[in-house]
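These notes are about the structure you will find just below.
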Amino acid sequence: MICRGDWMVKYVDFCKEFCEIENKYNLFKVEFNGIEYWKYARYFVYNLLQEKLYNLVVPAWFDSSNGSENSKYRYGYQRITDAVFHNPDIGFNKDILMFTFPRRVKDKKKFISPVTDEIALHLNRSACIVETTYYGGYYRPCPIRGIKYFDVWEGIGSGKSGVPINRGQLRKQILSVFEQEMDIQFTTNEKNIILTNVNYFIMYRDELMMRYKKLITRVNPKVVLYTMSYISEWIILTEVLKEMRVPGIEILHGYVDDNCIAYNYSGTGVNDSLPDYIFAYSRVQKDTLNWGIPRDHIRVVGNPWLEKRSKKFLAERGEKRNKKRITFISSANPAIEKYLVHLADCIDQDNFEIVFKLHPEEYASWKTVYQDLPEHIKVIDHNNKDIHYYLANSDFVAGITSTALFEAAVYPVQIYILAEESWHSMHILLNAGRASLIRDSRELYSGIMNGQNKENIVDCNFYAENAINNINTEIEKIIREGEKEC
């Protein structure tokens, strides 16, 4: 439990408290220069509060202290924008416009997007597939033929831009609300991080909207598919889609629950910049969250890449190993280090090996965060293999909170949830009996020593089956629904 003055709340209730505060002060209607900008600030404020109150490290997109490092990501390629989106004489009608999920991993000789490629390769209708940048560059070769490259930020700000909000106004309108309600004070650095991120979208909103409009006009789609609708540039895309009356569909890229601010609200309709539809993994996920859109617009489809990869790995005998493997899944929470260190000190290295799979956001900076890791822990700070390789070739999987822990449930592995702040996001996994909650480092060691019998693994699946068929079916329904409205 965290206490700041008279304000205290357990992490499990923090998302609900946050939503109640923004609803109490009607923050979605707060304006600067004619722009209701809380929707752009919301995610950054929430992330900084998580770090401030619960010591969860969540990197800021435009924090100058880490931007240069991120741009060095080893698989980044030069930025390019496809000429088709700049030439007013080129137009091509496609039923679907789809933006790929930018995080890619290496699969043989190609870089694949586990979230969107499998969908893009099996759409029943004509589609324009657009690749967006990740850490300043693109990954090639991709498995999708005819892919278009589009960087909405390329050359941004070279022309006329909007008026930036100053730190005092931001604090007066937004930050003071949370300082008052939570009895805290934002530091100057925290204010500057939020100010920098918010101003990117206050200043360049019109230009970004114009670029998205140009793209959508060229393709003239019946629906648009994309991911991470809570990120500000995609919020602007959503605003454009609503203005142009084109249904927007978000493909979830993680197993989220009612502790995730990106998808939870105090009620339906409080944020008018949410996608029209969301493709979720399962019925339990649909029923658990407090979605900001009508629940019948949450369509259960499953996870195509997980379905494909798990069938492959489960059909194989797995990697030949002389040692049992314990894989830790990072969620950018430094508290995981004490478990790694204790286990590495106690474990028999002749019979066990420890793998630490970092979150991609940590690749550039992990050595400054995890400074006490023993050398015999194998740290994975690259995307040369996708997460299913590590999960399928492990005996034990441990972590605090991550979609990968849900993905591990499809494999015959023991799963341990470490009881640090934010572990409550795994309550669905725990309630199903598919994972064990671990209270401290000693209990983890004991659990591994006593939990080597795989016969007690509960058989359960958190993902709807026949995902590709489900997705194509739901797209057809949404297109028909849109045509009826017209």
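None of the figures in this text is laboratory data; all of them are computed from the coordinates on show. None of the values given here were measured: they were computed from a predicted structure. Backbone-built Cβ (ideal geometry, glycine too); neighbour counts: all protein chains shown.
Structure data summary
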| quantity | calculated |
| --- | --- |
| Those aspartates and glutamates that a straight Cα-Cα span of less than 18 Å connects to Lys367, excepting residues fewer than 8 apart in one chain | Glu69, Glu337, Glu375, Asp381 |
| Three-way shape call for region 308-406 based on the alpha-carbon gyration tensor, with the a/c threshold at 1.5 | oblate |
| Cα gyration tensor, region 221-290 - rounded (a/c under 1.5), prolate or oblate | prolate |
| Listed pairs Lys39/Lys191; Lys308/Lys357; Lys191/Lys214 exceeding 24 Å between Cα atoms | Lys191/Lys214 |
| Expected 222 nm ellipticity per residue - DSSP helices of 4 or more, -39500 (n - 2.57), all of the chain, to 500 | -11000 deg cm²/dmol |
| Between region 375-453 and region 284-323, the Cα center-to-center distance that results, in Å | 16 |
| Förster-model FRET efficiency, 30 Å R0, Arg167 and His86, C-beta, rounded to 0.05 | 0.25 |
| Order of Thr188, Thr132, Thr238 - criterion: other Cβ atoms within 10 Å of each residue's Cβ, fewest first | Thr188, Thr132, Thr238 |
| Loop-resident sites, region 102-191, for GluC sites (Glu not before Pro), counting at most 15 other Cβ within 10 Å (DSSP) | Glu154 |
| Reachable aspartates and glutamates, given that their alpha-carbon falls under 19 Å from the alpha-carbon of Lys10 and they are not under 8 places away in the same chain | Glu20, Glu22, Glu51, Glu179, Glu181, Asp183, Asp257, Asp258, Glu420, Glu421, Asp440 |
| Asp350 paired with Asn192, simple spin-label distance in nm, labels 7 Å along Cα-to-beta-carbon | 5.5 |
| Exposed trypsin sites (Lys or Arg not before Pro) absent: longest stretch of the chain, with sites in DSSP loops and at most 10 other Cβ within 10 Å deemed exposed | 321-438 |
| Qualifying GluC sites (Glu not before Pro) in region 356-424, DSSP loop, other Cβ atoms within 10 Å at most 11 | Glu375 |
| Listed residue pairs exceeding 32 Å between alpha carbons, taken from Lys29/Lys338; Lys109/Lys311; Lys110/Lys378 | Lys29/Lys338 |
